[in-house]
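Peer 1: Sharing a structure below in structure tokens format, with a few things to ask.
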Amino acid sequence: MTEAVKLKLSKKDLESDQDVRWCPGCGDYAILATVQRTLAQLGIRRENTVFISGIGCSSRFPYYMNTYGFHTIHGRAPAIASGLKVTRPELDVWVITGDGDGLSIGGNHMIHALRRNMDLKILLFNNQIYGLTKGQYSPTSAVGTRAPSTPSGSIDHPLNPISLALGSGATFVARAADTDAKLMGSILEQAYRHKGAVFIELLQNCPVFNDGVWEGVKDDPAGKQVHLVEGKSLVFAGGTKGIRLGAGMVPEIVDVVDGDTSGLLVHTEKGSPLYAHLLAQLVQPDFPMPMGILYRTERTTYEQLAQAQIDDAVAKQGPGDLTKLMYSGMVWEVGADGTRH
Amino acid sequence: METKHLDRVVIRFVGDSGDGMQLTGTEFAKAAAEAGNDISTFPDFPAEIRAPAGSLFGVSGFQLHFSSSEIHTPGDAPDVLVAMNPAGLKTNLKDLVDTGTLIVNTGAFIEANLKKAGYKSNPLEDGTLAKYKVHAVDINHLTMTALEGSELSNKEKGRAKNFFALGLVFWMYGREPEGEIRRIHQQFAKKPGYGEANVKVFKAGYHYGETAEVFQTVYKVPPATFKPGMYRNITGNEAIALGLVVGADLAGKKLFYAGYPITPASSILHSLAKYKNFGTMTFQAEDEIAAMGAALGAAFGGSIAVTASSGPGIALKGEAMGLGVMTELPVVILNIQRGGPSTGLPTKTEQSDLSQSLFGRNGESPLPVLAAKSPGDTFYCAVEAVKIATRYMVPVILLSDGYIANGSEPWPLPNLAAMPRFDVVHRTDPQSYFVYERDPKTLARAWVVPGTPGLEHRIGGIEKDALTGNISYAPENHEKQTHVRAEKVQRIAQDIGELDLSGAESGEVLLIGWGGTYGALRQAQQSLAAQGKSVSHAHLRWLSPLEPGLAKIIHNFKRVVVAELNTGQLRMVLRAQFLVDAIGLNKIQGLPFKVAEVVAAIEKELGVAATKTTSAATQAQANA
């Protein structure tokens with residue numbers, strides 16, 4: 001991270017001169033605004049910040065950021081970002097992807113970037129649909145999703161992005177809704193300060209092809225979200241309900257009477273991966289969705305390890321000597337008479 | 001004991017893929033190089049790591065050509081065949097020259113192995129080998145005897161038998177055994193028990209030659225004469241790795257190499273992974289696409305970015321290569337070709353990815369393509385690829401193939417100090433910067449890297465405005481950008497050296513080749529020219545753009561023959577480009593050309609050319 005000189009920036013400083021081309025009402029607008037505002041508040045250095053994306057509606061994001069940006073090809077953003085980060089570790093590299101881009105065509109790159117713990121901040125905009133190609137069901141669509149490609153309803157089981165990220169070895173896993181600027185801002189700030197692979201699932205609304213798919217989740221007073229707060233019990237619905245672990249490690253919803261939270265699960269970001277995996281399994285319609293930072297841990301990043309090997313080689317062998325390298329192996333001299341000496 | 005002097009020898013070692021034939025061949029090649037011979041090698045092995053013992057498909061071979069004069073190829077046919085088992089004999093005997101020498105490990109000629117090799121009777125006894133000079137040696141038994149009392153298991157002892165064969169040929173060709181003994185000890189330093197055993201067996205083989213009365217002649221191939229200077233023995237993949245390191249150094253930049261394991265490219269990654277103290281970073285990606293992607297990311301960040309693969313992997317990289325074309329980033333893409341399509345012939349050579357290199361991406365996406373002609377030449381091609389990629393801001397494809405990747409030759413070491421530098425300068429001036437503003441000479445856009453204040457910009461795969469780099473779907477702009485991307489590749493011609501032409505600039509037959517066929521083609525042309533035949537050979541280093549020198553001469557010949565290890569991919573291009581009635585000499589067997597094949601093909605065309613001359617003369621007479 002490059003925070004040596006904290007610059008006074010406004011949101012406007014992070015807006016590029018390009019017209020934003022998303023559909024009116026798209027959740028991407030809210031995400032863009034929150035990212036711009038948060039990074040401005042953090043006083044980032046624009047020249048040291050790079051946004052890299054794949055293909056899809058969300059992947060147009062870099063064009064609208066007044067930083068360095070690379071709009072790449074479908075699914076490959078984590079791979080391209082990895083090549084940049086490992087060679088230029090001083091840069092802040094953000095990856096913008098969607099549920100189709102990051103979990104379907106680019107699923108392989110996603111899991112490997114996370115397991116390596118590349119210091120990439122990956123924002124996955126999950127709207128449960130392919131938008132740019134006009135509304136096909138995606139790997140996170142619920143079973144039965146009717147779309148042009150599935151007129152009788154989709155039949156494949158949806159993928160849980162948080163479970164995938166945890167299983168892949170991400171060291172910072174969080175979730176926020178597109179319109180929850182406060183929560184998203186706070187997650188982005190902590191993600192920015194985290195050294196390692198960040199995976200943030202942003203529940204994003206596509207007003208054209210999948211309008212309202214997250215409505216049930218966003219309606220917090222109705223008890224559809226659990227706000228994760230470090231050291232606090234998992235309560236929701238205005239503090240009237242809570243989650244505890246029953247027999248066989250089956251999570252259960254219980255009523256909270258007179259504010260008595262004893263026996264409920266208590267949130268710890270740096271808890272065991274087992275706990276984080278359990279949180280990931282709390283999904284609609286049976287459970288409220290956990291929002292906030294689900295898990296974080298410290299692990300040396302790939303680029304640190306890669307650089308350490310180079311430093312170690314230089315320390316042990318000395319800086320590379322090209323002539324010596326060329327003359328390694330079986331070398332001989334041919335004299336003026338044309339024969340070997 | 002008689003000593004006979006020979007000018008040149010072609011020897012081939014064959015056995016099971018677990019018999020250590022590659023090691024035996026490599027060691028004998030080193031000894032030949034050490035003794036001052038010119039050498040050329042051709043390892044030929046199956047894709048299976050340890051194919052079932054005794055099977056025909058599991059035979060692994062290594063051919064070595066060593067000579068007292070300059071040679072370009074591993075030789076058309078072996079003069080000596082060392083067969084460690086019946087399967088090896090069965091699959092290779094047809095190649096041995098008549099009256100050739102055959103050394104057979106009789107210990108392996110047991111019923112079961114004969115059956116596996118498809119022999120109904122024992123060829124050692126049924127007269128099959130009558131026309132050859134046969135040395136029947138029970139190498140299995142002699143190896144075990146040499147290791148009597150050793151603590152190794154019988155299985156471990158048996159593994160040393162290739163060193164018996166090596167010792168025997170060392171004696172036959174009068175090689176000094178001391179160097180080899182030293183090398184074995186070095187190689188097995190971590191397993192001294194094996195080292196000891198191998199040396200014992202090697203010596204046993206050597207002394208067997210000396211004492212067994214069957215070998216009455218020692219053959220000496222005197223040293224060849226070379227241009228004075230320092231030399232080393234090198235394979236194509238070793239040289240290409242060195243070329244990348246040197247190329248990055250000449251550009252004043254760090255090297256980043258991303259790869260995914262694939263035959264026959266993997267050993268480049270292995271070499272570069274050892275060069276960390278040069279600041280070289282290697283990245284074993286999760287797949288071929290990621291390797292290309294990571295290279296693009298590193299190029300965006302200002303590294304000399306390289307990825308390598310073989311045909312199947314290059315196919316996977318195609319879309320990302322197109323992104324490199326669109327965003328005009330310098331990346332070097334190595335294709336170590338093998339037989340295709342699909343998985344094809346993983347360990348065999350072919351030149352069938354030329355069309356893929358030239359046309360294998362969506363849209364109009366021209367790329368510069370060059371091809372190395374020999375193991376040592378891959379070094380210079382790698383340096384040139386780095387230079388062109390950074391100078392023109394474009395991905396460059398460098399073609400090698402399995403034959404030159406694994407083959408070795410004595411290589412005159414380059415004088416690094418004399419190699420011109422091409423230091424990269426990144427633009428840092430924020431005044432009136434436009435992403436696609438171009439250098440008037442090279443048409444390159446400026447290489448601006450993240451971290452540069454005031455030059456923040458966005459690039460991507462969507463078509464961009466020809467100046468500002470903003471997204472543009474404007475019809476005229478797309479046409480303009482399409483043409484400028486093509487023109488940029490064509491402009492590389494201004495940096496291409498002289499055409500590699502042997503023979504006159506006009507005549508009866510022009511033989512055109514590219515890549516790893518160089519040795520056979522050049523030798524064929526030279527031997528025909530020595531007989532006074534009117535044949536020239538042009539060997540192309542650059543396939544895109546085509547070498548400017550070719551246009552000047554291609555119409556000066558009566559017949560144009562394009563020799564390729566494919567069905568005619570370059571020929572198609574040349575016919576389209578020059579409207580010339582080029583004839584193909586094509587071989588698609590996973591094997592390199594033999595000199596004799598090329599000579600025969602050219603002789604045929606010389607005949608046609610002669611007829612043409614006659615008919616033209618007749619026509620002229622008639623007209624008169």
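FYI, it's all coordinate maths here, none of it is from the lab. Not measured: the values here are computed from a predicted model. No Cβ is skipped: glycine too gets one built from the backbone with ideal geometry, and neighbour counts run over all protein chains shown.
Peer 1: Using amide H atoms built 1.01 Å from N in the peptide plane, name the residues 5+ places from A:GLY223, or on other chains, whose amide H lies under 5 Å from its own.
Peer 2: The answer is A:ALA237.
Peer 1: In chain A, once you exclude exposed GluC sites (Glu not before Pro) (DSSP loop, at most 15 other Cβ within 10 angstrom), what's the longest stretch remaining? Intermediate results must be reported in sequence, preceding the final value.
Peer 2: On the way: sites that count: A:GLU3, A:GLU90, A:GLU230, A:GLU298.
In short, A:91-229.
Peer 1: Between exposed GluC sites (Glu not before Pro) in chain B, where DSSP calls loop and at most 10 other Cβ atoms lie within 10 Å, what's the longest gap? List each step's numbers first, then the result.
Peer 2: Details: sites that count: B:GLU125, B:GLU148, B:GLU151, B:GLU213, B:GLU498.
Result for the longest clean stretch: B:214-497.
Peer 1: I would also like to ask the following. Counting DSSP beta bridges with both partners in the protein assembly as shown, what percentage is antiparallel, nearest 5? Numbers along the way, then the final one.
Peer 2: On the way: 50 of 138 bridges.
DSSP beta bridges in the protein assembly as shown are roughly 35 percent antiparallel.
Peer 1: Between the stretch B:272-345 and the stretch B:15-37, how far is it from one alpha carbon centroid to the other, in angstrom?
Peer 2: Centre-to-centre (Cα) distance: 32 Å.
Peer 1: Once you list every other residue whose beta carbon is under 10 Å from the beta carbon of A:ALA276, what net charge do they have if Lys and Arg are +1 and Asp and Glu are -1? Don't jump to the answer; show the numbers that get you there.
Peer 2: Values: positive: A:LYS270, A:ARG296; negative: A:GLU269.
Charge balance in the 10 Å sphere: +1.
Peer 1: What list of ³J(HN,Hα) values in whole Hz, one per residue of the stretch B:229-241 in order, does the Karplus curve 6.51 cos²θ - 1.76 cosθ + 1.60 (θ = phi - 60°) give from phi, with Gly and Pro shown as x?
Peer 2: 3J(HN,Hα) across the stretch B:229-241, in whole Hz: x, 8, 10, 9, 8, 8, 9, x, 6, 5, 5, 5, 5.
Peer 1: If amide hydrogens are placed 1.01 Å from N in the peptide plane, which non-local residues have theirs closer than 5 Å to the one on B:ALA444?
Peer 2: Under 5 Å from the amide H of B:ALA444: B:ASP439.
Peer 1: Same structure again: I need the shape label for the protein assembly as shown. Rule: rounded when a/c is under 1.5, else prolate if a/b > b/c, else oblate, with a, b, c from the alpha carbon gyration tensor.
Peer 2: Details: a/c = 2.36, a/b = 1.65, b/c = 1.43.
It is prolate, given that a/c is not under 1.5 and a/b is the larger ratio.
Peer 1: Local charge sum around B:MET172 (other residues, Cβ-Cβ under 13 Å, Lys/Arg +1, Asp/Glu -1)? Spell out each step's value before the answer.
Peer 2: On the way: positive: B:LYS4, B:LYS133, B:ARG175, B:LYS220; negative: B:GLU2, B:ASP79, B:GLU210.
The answer is +1.
Peer 1: Sort out for me the Cα centre separation of the stretch B:130-209 from the stretch B:47-80, rounded to whole Å.
Peer 2: Going from one Cα centre to the other spans 19 Å.
Peer 1: Let's test the formula: R0 of 30 Å, r as the Cβ-Cβ distance of B:ALA486 and B:HIS555. What FRET efficiency results, to the nearest 0.05? Write down the numbers at each step before the final one.
Peer 2: Values: r = 24 Å, r/R0 = 0.80.
It comes out at approximately 0.80.
Peer 1: I need the chymotrypsin sites (Phe, Trp or Tyr not before Pro) found in the stretch B:393-488, filtered to DSSP loop residues with at most 12 other beta carbons within 10 Å of theirs.
Peer 2: Values: sites: B:TYR403, B:PHE422, B:TYR433, B:PHE434, B:TYR436, B:TRP447, B:TYR473; in loops: B:PHE422, B:TYR433, B:PHE434, B:TYR436, B:TRP447, B:TYR473.
Counting only loop positions with at most 12 other Cβ atoms within 10 Å, the chymotrypsin sites (Phe, Trp or Tyr not before Pro) in the stretch B:393-488 are B:TYR473.
Peer 1: To continue, here is another question. Could you pull out the longest piece of chain B with no exposed loop trypsin sites (Lys or Arg not before Pro) in it, calling a site exposed if DSSP puts it outside H, G, I, E, B and it has at most 13 other Cβ atoms within 10 Å?
Peer 2: Values: sites that count: B:ARG50, B:LYS120, B:LYS131, B:LYS190, B:ARG421, B:LYS441.
Answer - B:191-420.
Peer 1: Pairs of Cα atoms under 8 Å, at least six residues apart: use those to get the relative contact order of the stretch A:221-341, whole percent. Before the final figure, lay out each step's value.
Peer 2: Working: 131 pairs, mean separation 25.5, N = 121.
Here the relative contact order equals 21 percent.
Peer 1: Please state the shape class of the stretch A:222-284: rounded when a/c is under 1.5, otherwise prolate if a/b exceeds b/c and oblate if not, all from the C-alpha gyration tensor. Walk me through the intermediate numbers first.
Peer 2: Working: a/c = 1.45, a/b = 1.38, b/c = 1.05.
Here the stretch A:222-284 falls in the rounded category.
Peer 1: What relative contact order, as a whole-number percentage, does the stretch A:222-284 give when Cα pairs under 8 Å and 6 or more residues apart are counted?
Peer 2: Working: 78 pairs, mean separation 18.7, N = 63.
Relative contact order here is 30 percent.
Peer 1: What is the helix-to-structure angle for B:569-578, meaning the angle in degrees between its Cα long axis and the longest Cα principal axis of chain B, kept from 0 to 90 and rounded to the nearest 10?
Peer 2: The helix B:569-578 is inclined about 40 degrees to chain B.
Peer 1: Work out from phi, with θ = phi - 60° and the Karplus expression 6.51 cos²θ - 1.76 cosθ + 1.60, the ³J(HN,Hα) of each residue of the stretch B:174-188, listed in order in whole Hz, and give x for Gly and Pro.
Peer 2: The phi angles translate into x, 7, 6, x, 4, x, 5, 4, 4, 5, 4, 4, 5, 5, 9 Hz.
Peer 1: For the protein assembly as shown, what is the calculated [θ] at 222 nm in deg cm²/dmol (nearest 500), taking -39500 (n - 2.57) for each run of four or more DSSP H residues and dividing by its residue count?
Peer 2: Working: 29 runs with 328 residues, N = 965.
For the protein assembly as shown, the value works out to -10500 deg cm²/dmol.
Peer 1: Which whole-number percent gives the relative contact order of chain B, counting Cα pairs below 8 Å spaced six or more residues apart?
Peer 2: Here the relative contact order equals 12 percent.
Peer 1: Treating only the Cβ of Lys, Arg, Asp and Glu as charged (+1, +1, -1, -1), what charge dipole size does the stretch B:369-489 show about its Cα centre? Round to the nearest 20 debye.
Peer 2: Here the stretch B:369-489 has a charge dipole of around 140 debye.
Peer 1: For the stretch B:433-445, just list the computed ³J(HN,Hα) in residue order, Karplus coefficients 6.51, -1.76 and 1.60, θ = phi - 60°, integers in Hz, with x standing in for Gly and Pro.
Peer 2: Result, rounded to whole Hz: 8, 10, 4, 10, 5, 10, 5, x, 8, 9, 6, 6, 7.
Peer 1: Express as a percent, rounded to the nearest 5, the fraction of DSSP beta bridges in the stretch B:232-418 (both residues included) that run antiparallel.
Peer 2: Values: 5 of 28 bridges.
Rounded to the nearest five, the antiparallel share is 20 percent.
Peer 1: Shape of the stretch B:2-220 from its Cα gyration tensor (a ≥ b ≥ c, root eigenvalues): rounded if a/c is under 1.5, otherwise prolate when a/b > b/c, or oblate? List each step's numbers first, then the result.
Peer 2: Numbers: a/c = 1.34, a/b = 1.01, b/c = 1.33.
Rounded is the answer for the stretch B:2-220, as its axis ratio a/c remains below 1.5.
Peer 1: Whole angstrom only: what separates the Cα centroid of the stretch A:139-192 from the Cα centroid of the stretch B:351-416?
Peer 2: Here the two parts' Cα centres lie 43 Å apart.
Peer 1: If I stretch the segment between B:ALA418 and B:LEU591 completely, what's the gain in nm (0.36 nm per residue apart, minus their alpha carbon distance), one decimal? Kindly include the intermediate steps, with their values, before the conclusion.
Peer 2: Numbers: separation 173, 0.36 × 173 = 62.28 nm, distance 3.67 nm.
Working it through step by step, the gained length comes to 58.6 nm.
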